[in-house]
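The structure that follows is given in the form of structure tokens.
The values are calculated or read from the model by the stated rules, or taken from the named source; none is laboratory data. Predicted model only: the values in this text are computed from it and were never measured. Backbone-built Cβ (ideal geometry, glycine too); neighbour counts: all protein chains shown. Remember, those area values only see protein heavy atoms, side chains included, never the ligands or the DNA or RNA. Shrake-Rupley method; radii C 1.70, N 1.55, O 1.52, S 1.80 Å.
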Amino acid sequence: MPNLSHFHTFKINSQCSQLCEFSSVEELQASYLHNEQCYILGAGSNTVFVDDFEGKVLINKIRGINATLHSDGVRISVGAGENWHDFVAYTIEQGWGGLENLALIPGSVGAAPIQNIGAYGLEVGERIERVDVFDMNTNERFSLNQSQCHFGYRNSIFKQPESATWVIVQVHFWLPNNVATIATYGDLAAIAAPTPTAIFNKVIDIRQRKLPDPAVLGNAGSFFKNPEISKKHFSALSAQYHSMPGFEVNEQRVKVPAAWLIESAGFKGKSEKGVGSYQHQPLVLVNLDNAQGSAVISFARSIQFEVERLFAIKLEPEVRLIGRSGPILL
Ligand code: NAP
């Protein structure tokens, strides 16, 4: 049975029944049987195989970057298997701004729209014009425009049950000329001349300082989503916890950094059975010592339990947890 530890960045020593790569829709079609249990993987940076998966893992390696220049911007069509950061770096090298805030997010281009990756004030859905999909159930290929993707906070149609048999094959971006740079978040606000290149370099610098390199320490980035709570709930909590940060989402909701909740619940830098909360960013769970999937689940549940007990906030996983028969809930 193929070992999955080299195919997901949390590096749990799990297995699957079969593993194959595809670099075109035709190869994808030839690689599975109708109704067979499959899981489509990109770079494996947001998936944690917490058990042996009783099915086939198909790795998306569809490549290619094609750009067409227009008088008002550039349209770029990118194969889903391209590396996300390399693609962002390529746009910066070409002098095309618009994606710089999303530098160094691990993963593939095809994974980016699924959770609508976002960082430092920008979400990828804002730059996506269209996503091409292949449906493994009907064998049809079709496109969804930006509004059909239903992009939300770390969310999209690609996380809904209706898309369970869809495979993203290509993503089309539109980067308008002279797109306004976004340098309002934290350390970015200190950049004197916030050009796309300056923002790109700063984001890389921040992320390298704060986040563990998966090549050195197994992890899947932020393990939980940053929760949104009601303003009433936030007011009650901040009366009790004066240092609690909160960012207004709209008139009713406030976003609370999950990292603060986890640190305040006493988990920062703590570990159990080889799984820990990273010392410089507690929202990232790390594989310290050949952790088993059951230890990851148990540690994550302890964090959820304690945060809910203290703050009445339920942390939801941002990562995809895959068990024997597919996705599992915490
Ligand atoms: P951070 O910058 O410490 O922020 C923690 C939380 O506070 C996030 O929910 C962030 O909102 C919010 N926040 C911080 N400054 C804000 C501002 N000026 N205005 C509004 N909201 C603000 O978080 P971090 O963990 O070090 O991550 C840095 C960035 O990378 C964040 O934007 C985070 O969302 C992003 N990130 C994205 C992914 C992903 O796409 N899968 C994974 C990890 C981190 P936002 O989340 O809306 O930014």
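Among 113, 212, 194, which one shows the biggest mean-square fluctuation in a GNM of the chain, springs joining Cα atoms closer than 10 Å?
Taking springs between Cα atoms under 10 Å, the residue moving most is 194.
Residue by residue, what Karplus-based ³J(HN,Hα) values in Hz, rounded to whole numbers, does the stretch 220-231 have, using 6.51, -1.76 and 1.60 with θ = phi - 60° and x for Gly and Pro?
In residue order, the calculated couplings are 10, x, 4, 7, 10, 7, 6, x, 10, 10, 6, 4 Hz.
Work out from phi, with θ = phi - 60° and the Karplus expression 6.51 cos²θ - 1.76 cosθ + 1.60, the ³J(HN,Hα) of each residue of the stretch 48-56, listed in order in whole Hz, and give x for Gly and Pro.
Per-residue couplings from phi come out as 10, 7, 8, 7, 6, 8, 8, x, 9 Hz.
Using θ = phi - 60° and the Karplus curve 6.51 cos²θ - 1.76 cosθ + 1.60, what whole-Hz ³J(HN,Hα) does each residue of the stretch 202-210 get, with Gly and Pro shown as x?
5, 4, 4, 4, 4, 5, 5, 6, 9
Need one number for the stretch 260-302: average projected area of the convex hull over its C-alpha atoms, nm².
One quarter of the hull surface, i.e. the mean projection, equals 2.6 nm².
Exactly which GluC sites (Glu not before Pro) in the stretch 221-291 are in a DSSP loop and have at most 16 other Cβ atoms within 10 Å?
For GluC sites (Glu not before Pro) across the stretch 221-291 that sit outside H, G, I, E and B with at most 16 neighbouring Cβ atoms in 10 Å, the list reads 251.
Something else: Among 220, 164, 300, which one moves the most in a GNM of the chain with springs linking Cα atoms closer than 10 Å?
164
Per residue, how many Å² of accessible area does the stretch 8-154 show with a 1.4 Å probe?
Result: 41 Å² of accessible area for each residue.
Return the long-range amide H neighbours of residue 170 (sequence gap of 5 or more, or a different chain), with a cut-off of under 5 Å between placed amide H atoms.
Residues meeting the amide H criterion: 80, 132.
Along each principal axis of its Cα atoms, how long is the chain end to end? Whole angstroms, biggest number first, please.
Here the Cα extents, ordered largest to smallest, are 57, 51, 36 Å.
Follow-up. Looking only at 81, 95, 221, which one moves most when the chain is put into a Gaussian network model with springs between Cα atoms under 10 Å?
Checking each option, the largest mean-square fluctuation is seen for 95.
Now a separate question. Given an 8 Å cut-off on Cα distances and at least 6 residues of separation, report the relative contact order of the chain as a percent.
Relative contact order for the chain comes out at 18 percent.
Given H placed 1.01 Å from N in the peptide plane, which residues other than close sequence neighbours of residue 39 have an amide H under 5 Å from its amide H?
HN-HN under 5 Å from residue 39: 56, 57, 58.
How large a share of the accessible area of the chain, in percent, is made up of carbon and sulfur atoms when the probe is 1.4 Å and the other protein chains stay in place?
Roughly 48 percent, rounded to a whole number.
Using the heavy atoms of the protein chains alone and a 1.4 angstrom probe, what is the accessible area of the stretch 192-236 per residue in square angstrom?
Ligands and nucleic acids excluded, the result is 51 Å² per residue.
Another question, if that's okay. Hey, which lysines would be in cross-link range of residue 56, C-alpha to C-alpha under 19 Å, not counting anything within fewer than 8 residues on its own chain?
Partners found: 11.
Something else: Beyond 19 Å, how much of the Cα-Cα pair distribution for the stretch 200-300 remains, as a whole percent?
Of all Cα-Cα pairs in the stretch 200-300, 50 percent lie more than 19 Å apart.
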